[in-house]
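> Quick one: structure below, then a few questions.
The values are calculated or read from the model by the stated rules, or taken from the named source; none is laboratory data. Note that the coordinates shown come from a computational prediction; the quantities given were computed from them, not determined experimentally. Counting neighbours? That spans all protein chains shown, and the Cβs are built from the backbone with ideal geometry, glycine included. Ligands, DNA and RNA are excluded from the accessible area calculation, which covers all protein heavy atoms including side chains. Shrake-Rupley method; radii C 1.70, N 1.55, O 1.52, S 1.80 Å.
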Amino acid sequence: MLTEFIEQQVAEATADCSPQLCLAVKQAFIDLKLAKSWNNVAVHALPGTNRAMITASRPDNEDEGDVKYILPVTTSEKITMDMLKKVFEATTKLQPEGTHQPKSIYLGIVENDSSVVYYRCEAGLPQPR
């Protein structure tokens with residue numbers, strides 16, 4: 001039953017994606033939902049791109065409005081600044097009306113062995129800590 005739910009979520013959002021990218025989205029979804037136990041995990045088609053974005057919130061986060069944006073990618077993909085810019089712009093359309101683009105997204109890099117590594121990408125230059 002859970003696999004059917006995952007298949008349905010991923011299939012609807014990845015209709016325009018390549019088969020390899022579709023598998024990456026599915027693997028990142030499973031990793032976040034089952035292995036990392038994140039809450040409110042959902043897959044969305046990214047408007048104006050042939051990609052899908054996962055939204056979720058961390059299990060230790062009490063603020064339901066603190067949604068994280070995860071872009072599943074494969075290790076064979078070439079990630080460019082132009083591509084990230086388009087993703088940040090498209091992510092704005094996934095947010096509630098009147099809000100701005102997120103300050104960061106996570107790349108969910110899926111390996112051939114199905115492991116997933118997450119890297120945070122900031123919009124613009126981050127402030128030094």
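> Under the 0.36 nm per residue contour assumption, what length would be gained going from the current alpha-carbon distance of Lys93 and Val117 to full extension?
Taking Lys93 through Val117 to full extension adds about 6.1 nm, to one decimal.
> Given a 1.4 Å probe and heavy atoms of the protein chains only, how would you sort Arg129, Arg120, Arg51, Arg58, largest accessible area at the top?
Sorted by accessible area, descending: Arg129, Arg120, Arg58, Arg51.
> What part of the accessible area of the range 30-119, given as a whole %, is carbon or sulfur when the probe is 1.4 angstrom?
Here it works out to 49 percent.
> With a ≥ b ≥ c taken as the square roots of the eigenvalues of the C-alpha gyration tensor of the range 16-102, please select rounded if a/c is under 1.5 and otherwise prolate if a/b is larger than b/c or oblate if it is not?
Oblate.
> Let me ask something additional. Using a 7 Å offset from the Cα along the Cα-to-Cβ direction at both Leu125 and Ser18, what is the distance between the two label points in nm, to one decimal?
3.4 nm
> Another question, if that's okay. Taking all protein chains together and a probe of 1.4 Å, list Asp66, Asp82 from the most accessible to the least accessible.
The residues order as Asp82, Asp66, largest area first.
> Determine which lysines satisfy two conditions relative to Lys26: a Cα distance under 21 Å, and not lying fewer than 8 residues away in the same chain.
Those lysines meeting the cut-off are Lys36, Lys68, Lys78.
> Let me ask something else about it. Search the structure for amide H atoms under 5 Å from the amide H of Leu46, placed 1.01 Å from N in the peptide plane, and list their residues when 5 or more places away or on another chain.
Amide H neighbours of Leu46: Arg51, Ala52, Met53.
> Now for a different question. Probe 1.4 Å, all protein chains in place: accessible area of Lys93 in Å², nearest 10?
Taking all protein chains as shown, Lys93 has close to 140 Å².
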